[in-house]
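*Asks:* Mind having a look at this structure? Questions to follow.
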Amino acid sequence: MRAIAVIDGEHYAPVVRDALGSLPYEFAAVWLAGGTEKLKGGEEYGVPVATDLEAAIAEHEPELVVDLSDEPVLGPRERFRVASRVLALGLPYVGADFRLEPPELVPFPLPSLAVIGTGKRVGKTAVTGHLARLLSHDREVVVVAMGRGGPPEPEVAEVRPTLEGLLELSREGRHAASDYLETAALAGVVTIGCRRCGGGLAGATGDSNVLAGAALAAERSPDLVIFDGSGAAIPPVETGARVLVMGGRQQVEVATGYLNAFRILISDLVVVTGERSEELVRAVAEVKPGIPVVPVALRPRPAEPVAGRRVAYFSTAPAEAHETIARHLHDAHGADVVHVSGNLARRSALREEIRADAADAAEVYLVEIKAAAIDVVAEVALERGAEVVFADNELVPADGRNLDAELEALVEAKEPVAP
């Protein structure tokens, strides 16, 4: 098997040369990652020494890259960065006690775009919904969404799900707040729901039915298919472009380090949601110079008017954002906000909280379609005679950036040119 080795100057050249000869690979070149302690000049490794890793891969076309380096040249942080570069070129990265594989992505025959994330609760579904609404103005758009609570066989939502329909699903024991239902209800486009289980370091899924969902989407021959990832898992489809969503509150080392650097490298646009972080923006640019980065705030947008009404809002937002949310709902939508909850994903805390006097005083339960939105919040609202209104998350770009223009330009650049 043809390979390139990653080496360093902390090993004597004869040691490296002997290792190259004993390992079961045909080494075409080595790339010196750094280190000078044991270099005397004029070292011979029996194969060419490359000065640029990507150039060496392009020239020698290896089947994998073998890491024969070690600390202090490649510590954990640096090694994951090199691994990300290799995986982004579609090659495995192998070391003494590990093997990292790029996710297997199946070709897709239609114009397509993937929305992927650097973790859970970063606002990925909000970005997918925004994209679907924006691009469906002059295109037929289908969304294929995968989630940890998706259906056993792909399901097509051709009309907006109603509260009654979601309650029926919940009472049948189904997950009635799956991402595909949220997108179908709030974006108003045909959405195909899929499931996945497990997620690898580079985003591969342990199991999924997304390829079956992709086939259903292709049968409809839309102008564009948007594949919505799940957490940090990547849809197993080779799309024309990718938008990466990261949370502004994520630790920079997590959002841009480990194999999230790989996610940055395979993406064409980064959307940073929530709290703006200049450090995070700079760290993204370090990984992939020149990639557009658009910071946005997430603001709740009721699907129906709530002006002048007593509102309890239920979400997955962190506690530090609750005051801002309440102020926005009052100032932008005229709501009399009596309660804000961020416990949709914590059922025991949610059940305790929802019985409190503040929530009981609400005449409208405004709720994100996530987690326990239907089986807990909607059911309690019905018991109390309160109205249930779904809430979307509006993307508000920071610094005057035009997110819509960036998204349109990205899609147009990847669309085939008509003959």
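None of the figures in this text is laboratory data; all of them are computed from the coordinates on show. Values in this document were obtained by computation on a predicted structure and should not be read as measured data. Quick reminder, even Gly has a Cβ in these numbers, built from the backbone with ideal geometry, and neighbours come from all protein chains shown.
*Asks:* What FRET efficiency, computed as 1/(1 + (r/R0)^6) with R0 = 60 Å and r the Cβ-Cβ distance, is obtained for GLU408 and GLU37, rounded to the nearest 0.05?
*Replies:* After rounding to 0.05, the efficiency reads 0.70.
*Asks:* Oh, and also: Quick check: the angle from helix 76-88's long axis to the longest principal axis of the chain, C-alpha only, nearest 10 degrees?
*Replies:* 90 degrees
*Asks:* Once the piece of chain linking HIS330 and VAL15 is laid out straight, how much longer is it, given 0.36 nm per residue of separation minus the C-alpha distance between them?
*Replies:* 106.5 nm
*Asks:* I'd like the FRET efficiency for ALA96 and GLU387, computed as 1/(1 + (r/R0)^6) with the beta carbon distance as r and R0 of 41 Å, rounded to 0.05.
*Replies:* Efficiency, from the Cβ-Cβ distance: 0.10.
*Asks:* Can you give me the Cα centroid spacing of the range 250-320 and the range 51-100 in angstrom?
*Replies:* The distance from the Cα centre of the range 250-320 to that of the range 51-100 comes to 29 Å.
*Asks:* So which lysines pass the test for LYS124, namely a Cα distance under 24 Å, with those fewer than 8 places away in the same chain ruled out?
*Replies:* List returned: LYS288, LYS370, LYS414.
*Asks:* Which residues' amide hydrogens lie under 5 Å from the amide hydrogen of PHE314, considering only partners 5 or more residues apart or on another chain, with H built in the peptide plane?
*Replies:* Close amide H contacts, sequence-distant or interchain: SER341, LEU366, VAL367, GLU368.
*Asks:* Give the label of the value calculated from the structure for mean projected area of the Cα convex hull in nm², choosing from [x] 26.1; [y] 19.0; [z] 23.0.
*Replies:* Recomputing mean projected area of the Cα convex hull in nm² here picks out [z].
*Asks:* Moving on to the next point. Could you work out the longest stretch of the chain that avoids the GluC sites (Glu not before Pro) located in DSSP loops with at most 13 other Cβ atoms within 10 Å?
*Replies:* On the way: sites that count: GLU37, GLU44, GLU63, GLU104, GLU158, GLU172.
Between exposed loop sites, the widest span is 173-419.
*Asks:* Right, here's the next one. Can you run phi through the Karplus equation (6.51, -1.76, 1.60; θ = phi - 60°) for the range 159-172 and list ³J(HN,Hα) in whole Hz, with x for Gly and Pro?
*Replies:* Going residue by residue, I get 10, 5, x, 9, 4, 4, x, 5, 4, 4, 4, 4, 6, 7 Hz, with x marking Gly and Pro.
*Asks:* Would you mind calculating the gained length between ASP207 and GLU140 on full extension (0.36 nm times residue separation, minus the Cα-Cα distance), in nm to one decimal?
*Replies:* Using 0.36 nm per residue and subtracting the Cα-Cα distance, I get 21.2 nm.
*Asks:* Show that you can apply the helix-only estimate: for the chain, add -39,500 (n - 2.57) for every DSSP H stretch of four or more residues, divide by all residues, and state [θ] at 222 nm to the nearest 500.
*Replies:* So the calculated ellipticity at 222 nm is -9000 deg cm²/dmol.
*Asks:* I want to make sure I understand the PRE zone here: with the label point 7 angstrom from the Cα of GLU61 toward its beta carbon, which residues in the range 80-94 have backbone N atoms less than 16 Å away?
*Replies:* The answer is 90-91, whose backbone nitrogens lie closer than 16 Å to the label point.
*Asks:* Spelling out what I want: for every residue of the range 396-403, take phi, set θ = phi - 60°, compute 6.51 cos²θ - 1.76 cosθ + 1.60 (Karplus), and round to whole Hz; glycine and proline get x.
*Replies:* 10, x, 8, 6, x, 5, 9, 4
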